[in-house]
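First the structure, in the form of structure tokens, and then the observations on it.
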Amino acid sequence: MDKKEVEANEKDDALDGREKWGGQVEFLLSCIGYCVGLGNVWRFPYLAYESGGGAFLIPYVIMLILCGIPLFMMELSFGQFAGLGPVTAWRAVPAFKGIGFGMITASLLVCIYYNVIIAWALFYLFASFQAVLPWTLCDQWWNVESRCVNDTLSNSTTPLVTTAMSTTTADVTAGTTSSPNVTANASRLVSTSEEYWKYRVLRVDKSSGVGDPGAVLWDLALCLLLAWIIVYLCLIKGVKSTGKVVYFTATFPYIILIILLIRGCTLDGALDGIIFYVKPDFNRLTDSNVWSAAATQIFYSLGVAFGGLLTFASYNKFNNNLFRDTLIVSIGNCTTSVFAGFVIFSVIGHMAKTLDQPVSSVIDQGPGLAFVAYPQAVALLPIPQLWSILFFFMLLTLGLDSQFAMLETVVTGLIDEFPKHLRKRKSYLTLAIAIFCFLVGLILVTEGGIYWFNLYNYYSAYYGILVLALMMCLALNWGYGYFFTTPWRFNKDIKLMLGFEPNWYFKIAWSFVTPATILFILIYSGMYATTITYGSYVYPKWADDLGICMSCACAVTVPIYAIGRLAYGYFKGEDLWQLILPSEKWGPSDRSIKYEQPHRHQMDISAVYTNPNFAGDDMPKFNITEHKTRL
């Protein structure tokens, strides 16, 4: 064995001792569980509602084709080839290791507020065990907006409410109420499920805005603590334990959604909501917020540029068929979002009919939409307590799948970067991160927590994620060996794994279309950016600026690391060209494959792939001295 082969097989602490999935099905289901989550049944419907229903679907599908599918394939391929976490994998282009740190930052920020949604689901889950679902009552202390109208469930002999308050015909037009209780006031009829969400769960009336967080709500804080305990216990044993859990968590939600859709479609007024959902208002397509919301929702629901896909793929077998997995997960994920939209808009249509209001104004817009419409839906089913328990348990499983992946991204990224110090202390590291996120997340479960939550939700996965995705495209397709070895070197790596190169759709998208689309969205949304709002509340400038800083925190890691690394190399007398060439330890995760890598001080840069399973993979040599002369 010559010197190059010895160095290629040199011990690598980052690769040694890493776990693997128990099988390809576990990886596929884990990706489905990661991608098909609260972003589909919680975030997508309220963004569609805010963006004019059908008008949102057009940019959503366009962004899926131009950005979603290509980036999904890219991140999976990069992670599987390297077999490393989101930071250490950037041995491919060391100057861009800041992308990995940005992914960890983005995942950490989302982890903080994402578990709050799981805490809300736990709150509703516990409330579902009461004899009468509390959000169907109208004589409680949280019914603050006005008087109530009592009615029973249509086509059912069991009343949803056992007590009622009197009202006058001036409050509600006779005959307009045919399902659970509604509350009447001069401006807008409000469902009891909305009052329960706003004044019992959030206690939003006790805060004046983001600058007035108020007291911590102990019941929500305990639910948040329980959510973090569950996440920690499920992650403490690594991907092999979570791989078994996803057999249930990735399939159970579809059963519940199908049942709710069937029931929703049978409700009076459901068609009005569905028409609002599928009929586009083309005037809304000129709104930059609709396009940026569609783009960020693709990133959010598919999980691209967060590092989760890269982390999951790093535990794969080297020759796993990623092309198949990309199509199954990405298309299936977005189909689930659209499907969940039909479920929730059928209920919103019924609520609009019941409250005698337009579909576009029946519910306060915002992230609480799902916690108003879905509880209203389960209350319309026979034995509502049972279906409520199943539904919120479904929300819990959807949230946990994604939360597992995001926290695993943070943990794996740090462990792979510092294996000697952290690999044997994984449980302690996971615990420390969980405690930190819980403590920071306490501000989101205060009386004014929903204002902070909305700020986190809007900015944590916005500009920063788009910039990270843009940098990833440029680094892997233009920086990773493009000028110094051979064109599309990343595609050669994929051929080494799969036996064939990606088709022209991926090549053109990765090199030109996807980065150009992301750049256009960044410029367009930046030019027409507006101040963030929550309902009628307009955030002060300092809060908006804070949110922008939070979003930029994910992206500034790229130039900060690159400048710092270049400065360090300059003062150490290193050849700075080497920082945009793969490091000596870079190579395929399968060490049985010979992958000759250029040494740090060689001027003749070449990479030769030899795999006994495939032929004709040798790559032409490229002389860097000649290249510099031409420049």
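Residues of the range 556-565 that are touching a residue at least 60 places away in the same chain (Cβ under 8 Å) and loosely packed, with under 14 Cβ neighbours inside 10 Å: 559, 560. The residues of the range 509-525 that are without any contact (Cβ under 8 Å) to a residue 40 or more places away in the chain and among the small types (Gly, Ala, Ser), listed by number, are 511, 516. Annotation: of all residues in the range 543-555 being in contact (Cβ under 8 Å) with a residue 24 or more places away in the chain and more than 20 Å from the chain's Cα centre (by Cα), the one that is surrounded by the fewest Cβ atoms within 10 Å (Cβ to Cβ) is 546. If you filter the range 522-542 down to residues that are open to solvent by less than 20 Å² (accessible area, probe 1.4 Å) and within 22 Å of the chain's Cα centre (by Cα), you find that the one that is nearest to residue 488 (Cα to Cα) is 525. Here residue 117 passes the criteria (1) at pLDDT 90 or above; (2) over 21 Å from residue 322 (Cα atoms); (3) open to solvent by 10 Å² or more (accessible area, probe 1.4 Å) except the one numbered (3). Only residues that are open to solvent by 10 Å² or more (accessible area, probe 1.4 Å) and outside any helix (DSSP H, G or I) were counted across the range 463-482, and they come to 1.
Closer than 27 Å to residue 490 by Cβ, modelled with pLDDT under 95 and within 18 Å of the chain's Cα centre (by Cα): is that true of residue 86 in this structure? Against the criterion (closer than 27 Å to residue 490 by Cβ, modelled with pLDDT under 95 and within 18 Å of the chain's Cα centre (by Cα)), residue 86 qualifies. Pairs linking a residue in the range 300-316 that is more than 19 Å from residue 467 (Cβ to Cβ) and in a helix (DSSP H, G or I) to a residue that is open to solvent by 10 Å² or more (accessible area, probe 1.4 Å) and of a type outside the set (A, V, I, L, M, F, W, C), with Cβ atoms under 7 Å and 6 or more positions apart or on different chains, are 312/34. Taking the criterion of being open to solvent by less than 20 Å² (accessible area, probe 1.4 Å), in a helix (DSSP H, G or I) and either closer than 23 Å to residue 411 by Cβ or touching a helix residue (DSSP H, G or I) at 6+ places or on another chain (Cβ under 7 Å) (or both), the residues of the range 434-462 that qualify are 434, 437, 441, 444, 445, 449, 450, 453, 455, 457, 459. Note on the range 325-431: enclosed helices (runs of 4 or more DSSP H) holding 3 or more residues that are open to solvent by 10 Å² or more (accessible area, probe 1.4 Å) are 384-417, 419-422.
Just checking, which of 631, 519 is modelled with pLDDT of 80 or more and open to solvent by 70 Å² or more (accessible area, probe 1.4 Å)?
519
Is at least one residue of the range 484-505 on the phi > 0 side of the Ramachandran plot and either in contact with a Leu (Cβ under 7 Å, 6 or more places away or on another chain) or open to solvent by 10 Å² or more (accessible area, probe 1.4 Å) (or both)? For the range 484-505, residues on the phi > 0 side of the Ramachandran plot and either in contact with a Leu (Cβ under 7 Å, 6 or more places away or on another chain) or open to solvent by 10 Å² or more (accessible area, probe 1.4 Å) (or both): present.
Anything in the range 282-317 that is of a type in the set (Val, Ile, Thr), crowded, with 22+ Cβ neighbours inside 10 Å and more than 18 Å from residue 44 (Cβ to Cβ)? List them, or say none. Selection gives 311 alone.
The values are calculated or read from the model by the stated rules, or taken from the named source; none is laboratory data. As the structure is a prediction and not an experimental result, all values here were calculated from the model. Glycine gets a Cβ as well: all are built from the backbone with ideal geometry, and neighbour counts include every protein chain shown. Quick note on the areas: whole protein, heavy atoms, side chains included, nothing else; ligands and nucleic acids left out. Shrake-Rupley method; radii C 1.70, N 1.55, O 1.52, S 1.80 Å.
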